[in-house]
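Read the structure below first, then the notes.
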Amino acid sequence: MARPWKKYPYFEEDTSTDVVLARMGPNVDPRLKEVMGSIVRHLHEAVKELRPSHEEWTQAIQFLTRTGQMCGDGRQEYILLSDTLGVTMLIDAINHPRGEGVTENTILGPFYVEDPPHYPNGTNICLDGKGEPLVVRGRVIDAEGRPVAGATIDTWQTNDDGFYDVQQKGVQPEMNLRGVFTTDEHGAYSFTSVKPRFYPIPFDGPVGQLLGAMERGPNRAAHIHFIVKAAGFETVITHVFTPDCPYLELDSVFGVKETLIGDFVHVDSPERAKELGFSGPFWSLEWDFVLARALPKATGSS
């Protein structure tokens, strides 16, 4: 006797999303349910649109496998993938909207080091003597233009060869081109460094191969990193970019924002150079950081 036909909730192309999501239990964390629901829906929609072959899907799995294999204490290939797909910048934009006139955020990057040395204003943080000297001066102010005294400016950058000190241990001096400075009663800060240059992100792994396949370059636009903190204000993680860099519109991780492009002035004055201890021409950057007041934290009702 033939068994009566019945349409069971088995997996089919048309019902794939509903069938997968229906397998989640009733006590799943609400945020996890929301996240996985969105991921499954969009992933299934992409697969149905692209209709990949088994060979293409295997290549995708192998790419993700190689990406994981490249991860370790000194390198995070998945962060690199997020950066180069613009996801890191998008998450930052969602989480750190800035009002008009306030210094904008950009990505932290993978080469930040905790607890760099704290220097007096005016200190030269270039310890390897390479590159064109750069004097950086400015103020930290609030959105109304009032000085913020006691703010800390944590800065770091590559040397003139295009490498951070942590990429060349034993080659560069430890903590080269890193330092923390504190604003005075006028909100002012200053230090000496070198003019930044562009450099490539690590491109010897699967992310670099993907960039090459998409005919995209690996270079980051020339920049200096900053983290600016002050009590009562929102912390800003940002860069300042040079206006003459050829990669401003091709930055591999989409970190450039128009408001973060500085005015780097070339100074050819023997008198000023002598005052600063330079033997020849140097660069000057005047840059103010504008901080937004921190919003009061919400408190629960009793």
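The values are calculated or read from the model by the stated rules, or taken from the named source; none is laboratory data. The model shown is predicted, which means the values in this text are computed figures rather than measured ones. Please note: Cβ atoms are built from the backbone with ideal geometry, for glycine as well, and neighbour counts cover all protein chains shown. Note: areas computed on protein heavy atoms with side chains; ligands, DNA, RNA excluded. Shrake-Rupley method; radii C 1.70, N 1.55, O 1.52, S 1.80 Å.
Could you list, in sequence order, all residues of region 128-160 that are surrounded by fewer than 19 Cβ atoms within 10 Å (Cβ to Cβ) and part of a loop (DSSP other than H, G, I, E, B)?
Selection gives 128, 129, 130, 132, 143, 144, 145, 146, 149, 150, 160.
Output the number of residues of region 21-37 satisfying the condition of being over 24 Å from residue 9 (Cβ atoms) and open to solvent by less than 80 Å² (accessible area, probe 1.4 Å).
The qualifying residues number 0.
Which residue out of 68, 101, 86 is modelled with pLDDT of 95 or more and surrounded by fewer than 12 Cβ atoms within 10 Å (Cβ to Cβ)?
Among 68, 101, 86, only 68 is modelled with pLDDT of 95 or more and surrounded by fewer than 12 Cβ atoms within 10 Å (Cβ to Cβ).
Restrict the check to region 114-127 and report whether at least one residue is among the hydrophobic types (A, V, I, L, M, F, W, C) and part of a strand (DSSP E or B).
No.
Sort out which residues of region 241-277 are open to solvent by 40 Å² or more (accessible area, probe 1.4 Å), in contact with a strand residue (DSSP E or B) (Cβ under 6 Å, 6 or more places away or on another chain) and hydrophobic (A, V, I, L, M, F, W, C), and write them in order of number.
Residues satisfying the conditions are 261, 265.
All but one of (1) open to solvent by 60 Å² or more (accessible area, probe 1.4 Å); (2) among the aliphatic types (A, V, I, L, M); (3) part of a helix (DSSP H, G or I) hold for residue 40; which doesn't?
Tallying (1) open to solvent by 60 Å² or more (accessible area, probe 1.4 Å); (2) among the aliphatic types (A, V, I, L, M); (3) part of a helix (DSSP H, G or I), residue 40 fails exactly one: (1).
Restricting to region 44-64, count the residues that are under 29 Å from the mean Cα position of the chain (by Cα) and open to solvent by less than 90 Å² (accessible area, probe 1.4 Å).
Count: 5.
Inside region 171-196, can you point out the residues that are crowded, with 20+ Cβ neighbours inside 10 Å, part of a loop (DSSP other than H, G, I, E, B) and either out of contact with any strand residue (DSSP E or B) (no Cβ under 7 Å at 6 or more places or on another chain) or free of Cβ contacts under 8 Å to residues at least 12 places away in the same chain (or both)?
If the condition is that a residue be crowded, with 20+ Cβ neighbours inside 10 Å, part of a loop (DSSP other than H, G, I, E, B) and either out of contact with any strand residue (DSSP E or B) (no Cβ under 7 Å at 6 or more places or on another chain) or free of Cβ contacts under 8 Å to residues at least 12 places away in the same chain (or both), then 176 is the only one that fits.
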